[in-house]
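One structure is given here, and the rest of the page talks about it.
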Amino acid sequence: MSQLDQVLSKIDADLDASLERLFQWLKVPSISTDPAYKDHCRTAGQWLVDELKGIGIEASLRETGGHPAVVAHAKGEAKPHVLFYGHYDVQPVDPLELWERPPFEPAIVTLPDGRKAISARGSSDDKGQVLTFVEACRAWKAVTGSLPINITFLIEGAEEDGSKFLPEFIEANRDELKADVALVCDTGMWDQETPAVTSSLRGMVYEEVIVRCADRDLHSGQFGGAARNPIHVLSKIIAAIHDENGRITIPDFYEGVPETPTQVLEQWKGLNLTEEDFLGQVGLKHSAGEKGRMLIEQIQSRPTCDVNGIIGGYTGEGTKTVIAAEARCKISFRLVGDQDPAKISENFQAFVRARIPADCSVEFIKHKGSRALALPHDFAALTVAKAALHDEWKKDPIVIGMGGSIPVGGDFKRILGLDTLFVGFGLDDDRIHSPNEKYDLKSFHKGTRSWARILAGLAN
């Protein structure tokens, strides 16, 4: 047997022990957004430090401005060096009454279709995913006494709380965190049988807009028809953002937006993602995105603008006939290609100001933005990952974009100059951030085997 085959056999033989270790970690309620769980977050970080030390990897719990981060190193002779990122914190469990079993009492459950899954908060996002990588390293160490490549681990404790202090931590430790490429296991597969590599992530701009007119709420019978209504003003501005074809009308919005390569579009077309399959699961039938674009383009490779909330006037029970003094909304933009978050924000604010009547005012509350990320299609680590995933799953992996944003990828690029390879084994039905989160047993087992193969491939 080759070394890799021995490692894969070790992973198979150790599956029950690996699950027991994962269950120990899942029992720790490391909810980062709630100060009441501060000590539990530290416990979860220390648990991983102890596990890494137990397999001969130098590890420590490092202080940040918030919950501590786990930093570990397995380095020796000159060979390829990766920075592996994940997070040990989890989302709150509310509403608790919707859980079918206690969220921090992990168990193997049988799903309605017969699949076996690990049920617990954090099983998929992100403890189970992190441990697939750790268990692959454990198997390599057990079989060969070393790892095929050099690895630095950065596992943070506040991803679910916005990673507020992570960029500062990376900047302060940039020399220690240098590597050839970053690996992130916080994404998913195309379906239960088809692995995926996420090669691009959309960026983000988030704005809050407050439109003010009168200096107080007004009686609509007395002032209606004469006084400006900020809800009307804001609604007209929101309606003007998209044209009849679903395109965004903000000047220069599409500057830096690339066209997806033809060969990639052909691969996506072969996936046959239909409106019925994608939108039907949430009770919808028709795509509302840009006309002339495939559904998969709309959610992966095209920029978007969505109103995430709108507030104004009286919203309580019963009636109250007022003209509100102010109206506000929260708007997010997902960016692709070379779109500049600062320029998008500037142009959006100018777009809004141009539509504010003379006797009204507008205020903006700006949040942190992030650029989109994309790997070159001939990126060496991407080629390695695709080959390794094919060998494990016996199917060609799908190279896809991700509609959401993972800001740490941008931090790695901006601060460390690293490209990031996103490989994950979550599924759409894992219910992350929701009650009854789960992680398929197959995802955990074959995810571990996949990482063992990727490590071997990167060594070459």
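Every number here is computed from the coordinates shown, using simple stated rules; none is lab data. Since this is a predicted model, take the numbers as computed values, not measurements. Here the Cβ positions follow ideal geometry from the backbone for every residue, glycine too, while neighbour counts run over all protein chains shown.
Per the helix-only calculation at 222 nm, which mean residue ellipticity applies to the chain, given -39500 (n - 2.57) for every DSSP H run of n ≥ 4 and division by its residues, nearest 500 deg cm²/dmol? Let's see the in-between values first.
On the way: 14 runs with 151 residues, N = 460.
Value at 222 nm, helices only, nearest 500: -10000 deg cm²/dmol.
Once the Cβ-Cβ distance of Asp39 and Ser146 is raised to the sixth power relative to R0 = 41 Å, the FRET efficiency obtained is 0.70. With both labels modelled 7 Å from their Cα along Cα-to-Cβ, the Gln3 to Val109 distance reads 4.1 nm. Rg/Rh for region 105-170 stands at 1.09; both radii use Cα atoms, and Rh follows the Kirkwood definition. Among Ser9, Ser301, the ranking by other beta carbons within 10 Å of each residue's beta carbon, starting with the fewest, stands as Ser9, Ser301.
Computed on the Cα trace of the chain, the radius of gyration divided by the Kirkwood hydrodynamic radius gives Rg/Rh = 1.01.
In a fully extended conformation the segment linking Asp306 and Leu61 would gain 84.3 nm over its present Cα-Cα distance, using 0.36 nm per residue. In this rough spin-label picture, where each label sits 7 Å from Cα along the Cβ direction, the Lys394-Lys320 distance is 6.4 nm.
When the alpha carbon coordinates of region 370-423 are projected onto the principal axes, the ranges are 36, 22, 16 Å, largest first. Treating r as the C-beta distance of Asn347 and Arg414 and R0 as 22 Å, the FRET efficiency rounds to 0.50. The separation of region 402-460 from region 111-134, counted between C-alpha centres, amounts to 13 Å.
Under the simplified labelling scheme, the Ile365-Lys291 pair shows an inter-label distance of 3.7 nm, with each label point 7 Å from Cα along Cα→Cβ.
Can you give the FRET efficiency for Glu97 and Lys442, using 1/(1 + (r/R0)^6), R0 = 22 Å, r = Cβ-Cβ distance, to the nearest 0.05?
Calculated transfer efficiency: 0.15.
Counting neighbouring beta carbons within 10 Å and listing from fewest to most, the residues Ser60, Ser30, Ser119 come out as Ser60, Ser119, Ser30.
Mind sorting Asp215, Asp5 by how few other Cβ atoms lie within 10 Å of their own Cβ, fewest first? Don't skip to the end; give the middle numbers.
Values: Asp215 7, Asp5 10.
Listed from fewest to most nearby Cβ atoms, that is Asp215, Asp5.
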